[in-house]
Amino acid sequence: MTFEITTEATAEAPDGSERSRLLHYRDTGSGKRFFVLRQKGAFADLCFDHGKLLAEAIEEGVFPEIVAMIGSDLDAPGDWLDWVFSALYARFTEDVLDACSAEFREGVKQLGDGYFAGLDDPRFSVQDVRNACTAIDVGNLATGFTHRLSKWASPENVPTYEYLLGALRRYRRQRSGRNLSVDLALRKGEAAEALTRAAGRRRAGMGCTGFAAAGALCSDTKMLHGRTFDGAFFQWNELPGLFLIDERGTTAEAKHAYAAVGTAGLIYPAGISGVNDAGIACSLHQMSTVRFARGAKAAAFEIAPYVQQRILRGASTLDEAVAIAESLHHFASWTILVSDARTGRALRIEINGAEDERGRYEGRVVASPAAERMVQSNHFLADTMRERFDFFEDRHFTKSVGKWLETHTRFKTVTDRLDRAIQAEDLDTDAAIGLLASHHDSSVDGETRSLGRTVVKAYGLMGNIMRTDPDRSRAADEIWFTPGDRLPGPHAAYAGFAIDWGALTLKPLTDRPRREAQSLPEAYREALEAYVEAFVAMERPRKPNGDLLDRAPDAAEAAEMRRQSIDALDRAIDKAEGAGHLDPPFRYARARLRHLDGQFAAAEQDWAMLRGLIASPTPAATLHPYEKALIETHAAATLAALGKDSASSDALAAARRHGEIVRTTVFGAGGEHPGLKKLEKLIAAIAADGGAASLPDLDFVTVE
């Protein structure tokens, strides 16, 4: 037996019938735990059962990580700035919930009520539950808002200023005893300055990659819809699971049962990936925008994952999926990739919420033409939505040149390799698993790289695949997912289940229910796991008692974070290079952290190796011009800190040359990515201040 049931529990409806059944599984190959939750009834009731049956798992899983992340993001030097951040986040959360449907709001309440009923001494408050259920879109609004302020940091920005002022006044009323002149403080620029600094914080964001191919293109005739789920919530895999939900008969729009992948506490289990009994499959992909809608009290909005869940329970065709998205209002920017087994077609639904200066909704939904194969990463493709490099005037942005390269490179890699598999007539579940575990980098001629611009990400939590049968009278559908026995997620073993829509059950597949990618040697996998440890040490620091740090780290804690991260990078480099794999991202990350930790001589050793790759006519690993610019820039800072001013100046000159190559060959005359201007400012700061120049935090995901 590959999977065994260890425990089960049920919840009854008022008439005594079974409403929810929770099955805990153990993978006998790896020992990893996961669950299957089968539910039938109204959404709010199912939320209550979810909260109660999985109460203990909720306290192990993503809830504590989300709450800690919010706490650390809102923490700021000084009582006043901390108060500003908290007020703004509270306002966004309140506005988002007020704007969502009564059904969703009741679901949030019932999830909390079930959670409180399931434990004698619950760890989280009602507000924690509300924050966790809305954080995915509230975080988008907060990021977009602070990016606005990075260009409009003054009270002259009337809509932004008035919203912030209103948030502070409301927060002050709700917390009596405050004696602050909010308006005066804002006019002095204190809040605007603080939030502008917040805009510079690196948020991990999302890096999901998806693809769909018609059954006619697959060797086994079933439609294929695969995706990675990437996001810095590492406790997702503490207890992940599969949901099988039937809301039919409880609301007019609920036409279909659906299966989805998720984790304990995920109020919208079909909001990541899922498939319904009509053969419609979906995956959600996040974008960035500075044009968004707050939707206060509009009651016509839904957060993006719940939009996708409504598509799965209500859509029988691609056109119906688009109609559902068009019928709702949206807060921020997303793409939903939708496939239809029956027609063998897929399309992308690109979404951007927006409002005018009077707060009136003017968002847009753009559906692509349907096609028999489709790829999605984290940038818009519709001409009316796509990024044009200037994030402010053009609404959409990527936070850095590295992120822009990364999302476009992943898109090209998957497109090329999907086409290759189709031409070879060997596209099936195993091929999809290999594609989701790809370490090819199309920006350097398809070379194998550890991380950065690859499909596999440092925060890759899960891979999942949906195989849907074009013959809907038979509907022999399958769903595969990685329960997370190792990270990055796409390198974990996949658990496969057959969906019996008639009996509403999920059964482990009798033919190879456990599969995994075989594309990398074990030593390299261990190196990747060590790199993820390094990332986690910096992204999710912990207190001495093991709890996640829910505030900004102090100096001693930051030093300990760097120590743990550097130790993990040492192991990653030893494992990879010991097995014959020279990986620039590992060395680059260690050099950056060594410099930030004041280990300048050690950092110089790593920079020397990387600069040797740049200088070599036959390098062991090819570097993109943007990587070369970053290496020379940061090497210059280290050299200056060591007093090697002439060498530092030479490195800065080289950085400028490589930056100009990026400008002309990547972006051309059509516009310039703001990240290049940031790089120029950093080069100027190092030229002026040498080793004392302030350097940004390391981005482990795109490796800058």
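Observations, loosely collected:
- Residue within the range 671-683 that is β-branched (Val, Ile, Thr), buried (at least 17 other Cβ atoms within 10 Å of the Cβ), farther than 24 Å from Ser443 by Cβ and at pLDDT 95 or above present: no
- So Gly61, is it open to solvent by 10 Å² or more (accessible area, probe 1.4 Å), within 20 Å of Gln235 (Cβ to Cβ), touching an Asp or Glu at 6+ places or on another chain (Cβ under 8 Å) and touching a residue at least 24 places away in the same chain (Cβ under 8 Å): no
- Within the range 300-320, the set of residues being in contact (Cβ under 8 Å) with a residue 60 or more places away in the chain, out of contact with any helix residue (DSSP H, G or I) (no Cβ under 6 Å at 6 or more places or on another chain) and not in a helix (DSSP H, G or I) comprises Ala300, Glu302, Ser316.
- Residue match in the range 544-555 (condition: part of a helix (DSSP H, G or I), open to solvent by 20 Å² or more (accessible area, probe 1.4 Å) and either of a type outside the set (Val, Ile, Thr) or out of contact with any Pro (no Cβ under 9 Å at 6 or more places or on another chain) (or both)): yes
- Search result, residues across the range 96-119 that are open to solvent by 40 Å² or more (accessible area, probe 1.4 Å) and closer than 14 Å to Leu54 by Cα: Asp113, Phe116, Ala117
- Restricting attention to the range 120-162 and to residues that are of a type in the set (S, T, N, Q) and at pLDDT 70 or above, the residue that is nearest to Ala293 (Cα to Cα) turns out to be Asn140.
- Selection of strands (runs of 3 or more DSSP E) fully inside the range 411-530 by the criterion of at least 3 residues being open to solvent by less than 10 Å² (accessible area, probe 1.4 Å) and touching an Asp or Glu at 6+ places or on another chain (Cβ under 7 Å) returns 460-468, 494-500.
- Strands (runs of 3 or more DSSP E) within the range 321-401 that include 1 or more residues modelled with pLDDT under 95: 333-340, 345-352, 364-367
- Among the residues making up the range 576-599, those that are over 25 Å from the mean Cα position of the chain (by Cα), without any contact (Cβ under 8 Å) to a residue 60 or more places away in the chain and in a helix (DSSP H, G or I) are Glu577, Gly578, Ala591, Arg594.
- Some residue of the range 40-53 being in a strand (DSSP E or B) and either of a type outside the set (Val, Ile, Thr) or at pLDDT 95 or above (or both): yes
- For the range 189-233, the set of residues classified as under 23 Å from the mean Cα position of the chain (by Cα), modelled with pLDDT under 70 and open to solvent by less than 40 Å² (accessible area, probe 1.4 Å) consists of Leu195, Ala198, Ala199, Ala204, Gly205, listed by residue number.
The values are calculated or read from the model by the stated rules, or taken from the named source; none is laboratory data. A quick note: this is a predicted structure, and the numbers were derived from the prediction, not measured. Don't worry about glycine lacking a Cβ; one is built from the backbone with ideal geometry, like all the others, and counts go over all protein chains shown. Note: areas computed on protein heavy atoms with side chains; ligands, DNA, RNA excluded. Shrake-Rupley method; radii C 1.70, N 1.55, O 1.52, S 1.80 Å.
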